[in-house]
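The values are calculated or read from the model by the stated rules, or taken from the named source; none is laboratory data. Since the model is a prediction, treat every value here as computed from it, not as a measurement. Cβ coordinates were reconstructed from backbone atoms using ideal geometry, including for glycine residues, and neighbour counts include every protein chain displayed. All accessible areas refer to the heavy atoms of the entire protein, side chains included, with ligands and DNA or RNA removed. Shrake-Rupley method; radii C 1.70, N 1.55, O 1.52, S 1.80 Å.
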Amino acid sequence: MLTTHHLHHLHHHRGSTAVELDKITNLNTLIMEINSHVALFRDMLIHVGQAKDCPELREKIRKLRRTCVEALKHTAQILMPQVKSAMADGILTDNPHLVLLFYMAQLFLRELVKSYRLIQVVPMDMSGYYENRAGPSNLGNVISQILLCKQFTPDFNEEELCSITKDSQDIAVLLSEMQEYMPQHEAYLERNAALDTTGPWQAKRRQNYICKNMSLLCCVSRPNYL
């Protein structure tokens, strides 16, 4: 016969289980959304320099890039405390959400570097697109025009390069943090040399890859249209 204590314990257990299931479901949703966003970002970059390339496409790429960055950062903020807590309790189980998030962030970083190079090689004239654009983001330009008594047109391509640099740095920080808690079981890790993340040599190689690409991206000002 169940006592009041047993019923309370059972209710508490079921409540905890429900909370854990909600967390897992939420993480699954976030991970799948990021997967779709990153894939779409890559697909959009394919059209850069092609017949479909236009100011509207570049703006969509910019917005999607920011969506990917914020989604990765938001999901990491939810996931990492759970991973760290489990590690602190001595639980060394492999976390599939962490593995997926790590690889998607890694792939996205590479797409960021590619997008940076594409803008350098195939810049887009956005002057007409932003000429009549109104909103809070243009306040800085209006003030500058008043103070300097001259027309000021932001360079979309330069500002985009700066923004991509900042985003790349943020994603690199996320990757470094997640790497510390990545499972070492080889069933989870890529054996391809380009994606291999096991062992000290490969870890150093990945760190060098990130640093090398960060050195290629230089930023002198913060975008004023974000």
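Of K60, K73, K84, K114, all but one fail to be in contact with an Asp or Glu (Cβ under 8 Å, 6 or more places away or on another chain) and open to solvent by 10 Å² or more (accessible area, probe 1.4 Å); the exception is K73.
Of the helices (runs of 4 or more DSSP H) contained entirely in the range 91-159, those carrying at least 1 residues that are at pLDDT below 60 and of a type in the set (A, V, I, L, M) fall at 139-148.
Close Cβ contacts (under 8 Å, 6 or more residues apart or on different chains) running from residues in the range 37-48 that are open to solvent by 30 Å² or more (accessible area, probe 1.4 Å) to residues that are not in a helix (DSSP H, G or I) comprise H47/D53.
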